[in-house]
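A short write-up of the structure that comes next.
The values are calculated or read from the model by the stated rules, or taken from the named source; none is laboratory data. Computed from a predicted structure; not experimentally measured. As a convention, Cβ positions derive from the backbone with ideal geometry for all residues, glycine included, and neighbour counts pool all protein chains shown.
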């Protein structure tokens, strides 16, 4: 599992928002979120895809239930499929693909 820390947050900010000041995005993340956990912030950054409006929308969603943004960011394929109907081996493969995309 990745180590979630401030350095990783800033690296992801620079990657996700290359045309914005990193401190500005970091401030938005910290001032707008009730749950300032780094893992949730990374999920929000990943999903926002260089879109400040989307970043704000995801922050609002995370205030209501931070687990939603984690699921969307960390398990996108699994969230799109009815895995409860699938063979256990196929579910395992989906989870492996989701894990790899997240690490990338």
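Residues that are assigned to a helix (DSSP H, G or I) and loosely packed, with under 12 Cβ neighbours inside 10 Å within the stretch 4-13 comprise 6, 7, listed in sequence order. Just one of the listed residues (53, 60) is modelled with pLDDT of 95 or more and assigned to a helix (DSSP H, G or I), namely 53.
The numbered conditions (1) at pLDDT below 95; (2) out of contact with any helix residue (DSSP H, G or I) (no Cβ under 6 Å at 6 or more places or on another chain); (3) under 22 Å from residue 76 (Cβ atoms) are all true for residue 33 except (2). Applying a threshold of 7 Å to beta carbon distances and a minimum spacing of six or more residues, or different chains, the list of pairs starting in the stretch 77-91 at a residue that is at negative phi and ending at one that is modelled with pLDDT under 90 and assigned to a helix (DSSP H, G or I) reads 91/83.
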